[in-house]
Ligand code: FAD
Ligand code: PYC
């Protein structure tokens, strides 16, 4: 059933009891044309575009837990495309353009809000790096502007721009088209759209092995719900990508770290934009419910624990209290972590592998939510055609052999 004014009124009159399930939950079939491992936003978007644009609907998305229960439902929802290199700016800009029309495309409100993302500079080094990004972005046709401290204050009045604090604000970059979206709505919207087009969405189904035929090509997967045959398998498992890829004998250049976030009790609207500081590993925005959404940096060691060190969160809160004195007395409601998959050059890996039929989309680290629609779109093309999409080509796994790295360490948020 479509979400329309008429249907909303009809359902309201019948106590909202007539809405159907948003996606079907079938038993897995014995075989599919394509199996996607991972029911986060990227995996679901891939399945959606395979079915909606590429005529490949005999697809299963296998998720070991619940949809969006990985980093998709754990992230702080910041969207922007202000990356340094042309390859990255093109990919993230492709995603940002898709965000702009996504609610209409999916007939599902993903609550995209272009409220502006400001990245603070605190010292001379920050100024040089951030201004370089502003110039590079403008040359690539991506909106970004340099602000003085007074302009920063005008854009976000609760910021403390006193020069006498530990982390003084000496300027900032502002991407006005950046903003936020509702994270789980993105997973649900893509799941609903994919399911309506014939994709099987299978939760509580962990992939435990990748089967290969005598020639070494992919033949299917082993799962906790039995074997499933498929000639094409796309791995989109974020922090567990290296674990899943190892099942096919492929070693990935990835480190998995905890990254954590917190939300405060809800308060009336006090913050009109997103503010990030990579230097001090702290950023904040306000959710539509009124909670202040705060994020920290990655832990300094590898781990698969979805928590993160207390000292990391404490450090972030100290910085947040200094930058935003108005939030000092707020109580924190929840704190959680996700496992982020970080590559040596802080850019994602999208494409084919040395194993015929095995495709991978990972390495989004601390910054992949913003890429969800673009990532799914280019990965779907890559899987359907058996060759990299034009925007995905620079992000192939073999760049770690050829040396054609795309170093985005300075653009990656929380400076991991
Ligand atoms: P996920 O949503 O993690 O999906 C992968 C799925 O694979 C999981 O659901 C997992 O259960 C499943 N899976 C794993 N192994 C198996 C298996 N063997 N079998 C079946 N399923 C399996 N990015 C931004 O752009 N902006 C932000 O503000 C931002 N903030 C962040 C804040 C935090 C605290 C965290 C943790 C991350 C943040 N990110 C942010 C990064 C972003 O969340 C991720 O890059 C993005 O969500 C990755 O999406 P995904 O679909 O690839 O991964
Ligand atoms: O990539 O913009 C980002 C981001 C912000 C917080 C975590 N990641």
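Quick look at the numbers
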item: Whole-number percent relative contact order across the chain, with pairs defined as alpha carbons under 8 Å at least 6 apart; result: 22 percent
item: Alpha carbon centroid spacing (whole Å) that separates region 361-416 from region 202-274; result: 15 Å
item: Rounded, prolate or oblate (a/c below 1.5 giving rounded, otherwise prolate when a/b exceeds b/c) for region 28-73 by Cα gyration tensor; result: oblate
item: Gaussian network model of the chain, Cα within-10 Å springs - most flexible of 18, 297, 216; result: 18
item: Nearest 10 degrees, 0 to 90: helix 183-196 Cα axis against the chain principal axis; result: 20 degrees
item: Rounded, prolate or oblate (a/c below 1.5 giving rounded, otherwise prolate when a/b exceeds b/c) for region 85-234 by Cα gyration tensor; result: prolate
item: Stokes-Einstein diffusion coefficient of the chain, Kirkwood radius over Cα pairs, 4 °C, 1.567 mPa s, in µm²/s; result: 59 µm²/s
item: Debye intensity ratio in log₁₀ form over the Cα atoms of region 310-401, taken at each q of 0.22 Å⁻¹; result: -1.06
item: Rounded to 5, the percent of DSSP beta bridges in the chain classed as antiparallel; result: 70 percent
item: Quarter of Cα convex hull surface for region 96-154, i.e. mean projection, nm²; result: 5.2 nm²
item: Cα gyration tensor shape of region 1-151, rounded if a/c is under 1.5, else prolate or oblate by comparing a/b with b/c; result: prolate
item: Among 395, 369, 324: highest mean-square fluctuation, GNM of the chain, C-alpha pairs under 10 Å; result: 324
item: Inter-centroid distance (Cα atoms) of region 3-44 relative to region 153-180, Å; result: 41 Å
item: Pairwise label distance in nanometres, residue 30 with residue 333, each label 7 Å out on the Cα-Cβ vector; result: 4.9 nm
item: Where labels lie 7 Å past Cα in the beta-carbon direction, separation of residue 100 and residue 400 in nm; result: 3.5 nm
item: C-alpha long axis of helix 86-100 to longest principal axis of the chain, angle in °; result: 80 degrees
item: Paramagnetic reach from residue 197 in region 56-75 [backbone N under 17 Å; point 7 Å along Cα→Cβ]; result: 56-62
item: Separation of the residue 176 and residue 58 label points, Cα + 7 Å toward Cβ, nm; result: 5.0 nm
item: Residue-averaged [θ]222 nm for the chain, counting only DSSP H segments that reach four residues, each worth -39500 (n - 2.57); result: -8500 deg cm²/dmol
item: Segment residue 2-residue 66, extension gain: residue separation times 0.36 nm, minus the distance between their alpha carbons; result: 20.7 nm
item: Top of 204, 109, 15 by mean-square fluctuation, Gaussian network on the chain, Cα under 10 Å; result: 15
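Read the figures in this text as sums done on the coordinates, not as results from a lab. All of these numbers come straight from a predicted model, not from anything done at the bench. Counting neighbours? That spans all protein chains shown, and the Cβs are built from the backbone with ideal geometry, glycine included.
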